[in-house]
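The values are calculated or read from the model by the stated rules, or taken from the named source; none is laboratory data. Nothing here was measured: the structure is a model prediction, and the numbers come from that model. As a convention, Cβ positions derive from the backbone with ideal geometry for all residues, glycine included, and neighbour counts pool all protein chains shown. Each accessible area value is taken on the protein alone, full model and side chains, heavy atoms only, with ligands, DNA and RNA left out. Shrake-Rupley method; radii C 1.70, N 1.55, O 1.52, S 1.80 Å.
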Amino acid sequence: MTPEQLKASILQYAMEGKLVKQDSNDEPASILLEKIKAEKEKLVKEGKIKKSKKLHAIEEDEKPFDIPDSWEWVRLEGLATFINGFAYKSKNYVKISKNQVIRLGNVKNNRLLVSAKPVYIDDEYAESTSQYRILDNDILFTMTGTRKKRDYFFTLIVKQKDLNSNRMFLNQRVGCLRYILCDPDWLNYILKSPLILDEVFENETGTANQGNIGSTKTMGILIPLPPLEEQKRIVAKIEKLMPLVDKYAEAYNRLKKIDDEFDDRLKQSILQYSMEGKLVKQNPDDEPASVLLEKIKTEKEKLIQEGKIKKTKKLPEITDEEKPFDIPDGWKWVRIKEIGYLQTGTTPSIGKNNYLGNYIPFIKPGDIYEDRINYKNQALSEKGLKNGRLIEKHSILTVCIGSIGKSYVTDRPVSCNQQINTITPLQHVYYKYILACINSRIVQQSLWKKASKTTLPIVNRTKLSSIVIPLPPLEEQKRIVAKIEKLDYLINQL
């Protein structure tokens with residue numbers, strides 16, 4: 001159960017009369033309603049509130065659950081008076097005064113954020129709109145937010161301490177419940193219960209993006225009313241339980257963090273074991289990596305002679321300091337440049353010259369995910385590809401600017417932009433094994449260490465090519481990848 005679900009359960013129990021015991025000595029809610037009726041008539045005579053229309057009778061099929069015998073069902077408008085906010089004009093705001101206008105952004109659940117983009121009005125404007133001044137024990141609630149998101153109907157009780165520094169005035173779309181003829185703390189909690197929220201948002205109106213709730217529907221919602229003394233016991237119980245829920249939330253969030261990180265840590269451990277030669281057994285019959293490197297060298301020379309790749313400078317020898325751990329005897333430490341050829345993407349002038357089309361996918365960093373590449377976002381025409389750069393199938397695309405190191409392998413020829421470096425392994429190297437190395441924490445850390453120390457980190461092709469990885473025999477590379485894929489499947493099943 002999440003902390004939010006636990007809070008919701010407590011509030012639902014409170015609404016159903018199951019949170020505290022009933023006391024037969026409590027004055028029943030039916031008598032409380034008579035007192036509320038008398039108090040409202042008194043307020044009408046004093047001119048403090050207007051006479052309201054007769055409340056709609058509550059039908060049996062409207063009652064969502066049974067309540068204790070001493071309770072009564074009542075509509076919200078039977079417990080409080082609604083006051084709408086005023087459309088204060090921004091042109092009349094002043095830099096500072098003792099009169100603050102409370103807007104939607106200032107009202108959160110049980111928090112009045114007076115310092116959140118405060119706006120003020122002068123004394124004259126405040127005096128002319130004094131009927132919208134906020135008073136002690138008013139319950140404020142927000143009436144506008146994002147449609148279908150339930151990111152509003154936040155409620156809070158205004159306390160005298162909130163009013164000590166400034167006089168406060170109610171802006172439009174901030175509703176106010178006043179002359180609350182029950183325990184305001186109890187009502188504030190009940191308005192946050194799942195049942196009430198469901199009914200409030202069932203009547204949501206608005207545009208595609210903006211959601212609104214109206215006063216008529218809101219004031220017509222049903223509230224299960226306990227005796228006044230039981231309301232106070234419910235509040236005391238909730239306030240005793242909520243700190244415990246907060247402690248539960250801390251423990252829950254710590255556990256969730258551990259749980260969320262478990263898969264990644266386990267996968268990283270598997271990759272680390274694979275790079276150290278501990279994931280699968282070595283086979284003495286495998287052709288050693290030293291022979292494999294000779295074949296790679298021969299293949300590279302052939303590609304250079306054919307003009308398919310350019311001859312590059314000789315790489316520096318790998319020092320002992322660059323080798324982070326020991327590897328099996330049949331393995332070799334290599335730089336990435338030794339086992340393939342690298343390119344950096346390029347972007348043709350997409351907006352003109354008919355470079356867009358459906359000839360070949362054009363990949364950008366946002367198209368690269370940890371388990372796939374999105375090939376459908378954009379594509380080049382044949383003319384566009386001539387002004388771009390072809391990347392062969394089974395090449396590894398790795399982001400080199402910003403989110404550096406984010407990588408995946410292609411299953412088809414593509415082109416990509418200049419924010420991506422590519423590694424095309426030669427035929428004597430298993431491309432999936434190289435991807436596993438790139439995704440390992442030790443290589444990712446090396447990439448970040450080599451990144452330029454600018455606002456936007458960058459790893460150029462030269463720095464990527466110098467990264468050191470352990471190279472097993474080709475057959476062992478394949479066994480390692482098969483074991484990684486099998487374990488990944490099991491982890492995902494968990």
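Of all residues in the stretch 159-184, those that are within 33 Å of the chain's Cα centre (by Cα) and surrounded by fewer than 22 Cβ atoms within 10 Å (Cβ to Cβ) total 6. Kindly check whether there is at least one residue in the stretch 185-193 that is assigned to a helix (DSSP H, G or I), open to solvent by 40 Å² or more (accessible area, probe 1.4 Å), touching a strand residue (DSSP E or B) at 6+ places or on another chain (Cβ under 7 Å) and under 23 Å from residue 7 (Cβ atoms). The answer is yes; a qualifying residue exists. Candidates in the stretch 7-35 are the residues that are of a type in the set (Gly, Ala, Ser) and surrounded by fewer than 17 Cβ atoms within 10 Å (Cβ to Cβ); of these, the one that is farthest from residue 191 (Cα to Cα) is 24. For the stretch 205-224, filtered to residues that are under 24 Å from the mean Cα position of the chain (by Cα) and not polar (S, T, N, Q), the residue that is surrounded by the fewest Cβ atoms within 10 Å (Cβ to Cβ) is 208. Any residue at all in the stretch 441-451 that's open to solvent by 10 Å² or more (accessible area, probe 1.4 Å), out of contact with any strand residue (DSSP E or B) (no Cβ under 7 Å at 6 or more places or on another chain) and part of a loop (DSSP other than H, G, I, E, B)? No: zero hits. Could you figure out which of (1) in contact (Cβ under 8 Å) with a residue 60 or more places away in the chain; (2) touching a Gly at 6+ places or on another chain (Cβ under 8 Å) isn't true of residue 194? Of (1) in contact (Cβ under 8 Å) with a residue 60 or more places away in the chain; (2) touching a Gly at 6+ places or on another chain (Cβ under 8 Å), only one is false for residue 194: (2).
For every residue, the table says whether it meets (1) hydroxyl-bearing (Ser, Thr, Tyr); (2) in contact (Cβ under 8 Å) with a residue 12 or more places away in the chain; (3) open to solvent by 70 Å² or more (accessible area, probe 1.4 Å).
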{"position": "314", "(1), (2), (3)": "no, no, yes"}
{"position": "319", "(1), (2), (3)": "yes, no, no"}
{"position": "327", "(1), (2), (3)": "no, yes, no"}
{"position": "337", "(1), (2), (3)": "no, yes, no"}
{"position": "342", "(1), (2), (3)": "no, yes, no"}
{"position": "348", "(1), (2), (3)": "no, yes, no"}
{"position": "361", "(1), (2), (3)": "no, yes, no"}
{"position": "379", "(1), (2), (3)": "no, yes, no"}
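So, residue 421, is that one of a type outside the set (A, V, I, L, M, F, W, C) and outside any loop (DSSP other than H, G, I, E, B) or not? Answer is yes for this residue.
Filtered by the rule that a residue be of a type in the set (Gly, Ala, Ser), within 44 Å of the chain's Cα centre (by Cα) and not in a loop (DSSP other than H, G, I, E, B), the stretch 28-73 gives a lone residue, 29. The test for being open to solvent by 60 Å² or more (accessible area, probe 1.4 Å), basic (Lys, Arg), free of Cβ contacts under 8 Å to residues at least 40 places away in the same chain and closer than 26 Å to residue 1 by Cα does not hold for residue 233. Restrict the check to the stretch 52-69 and report whether at least one residue is touching a Ser or Thr at 6+ places or on another chain (Cβ under 7 Å), charged (D, E, K, R), open to solvent by 50 Å² or more (accessible area, probe 1.4 Å) and under 26 Å from residue 232 (Cβ atoms). No, that holds for no residue. Which one of these is open to solvent by 70 Å² or more (accessible area, probe 1.4 Å), out of contact with any Gly (no Cβ under 6 Å at 6 or more places or on another chain) and acidic (Asp, Glu): 367, 371? That would be 371, the only listed residue that is open to solvent by 70 Å² or more (accessible area, probe 1.4 Å), out of contact with any Gly (no Cβ under 6 Å at 6 or more places or on another chain) and acidic (Asp, Glu). Scan the stretch 257-273 and tell me whether some residue there is in a strand (DSSP E or B) and either modelled with pLDDT under 90 or on the phi > 0 side of the Ramachandran plot (or both). Checked against the condition, which is being in a strand (DSSP E or B) and either modelled with pLDDT under 90 or on the phi > 0 side of the Ramachandran plot (or both), the stretch 257-273 yields no hits at all.
Taking the criterion of being without any contact (Cβ under 8 Å) to a residue 60 or more places away in the chain and either open to solvent by 10 Å² or more (accessible area, probe 1.4 Å) or not polar (S, T, N, Q) (or both), the residues of the stretch 457-481 that qualify are 457, 458, 459, 462, 463, 478, 481.
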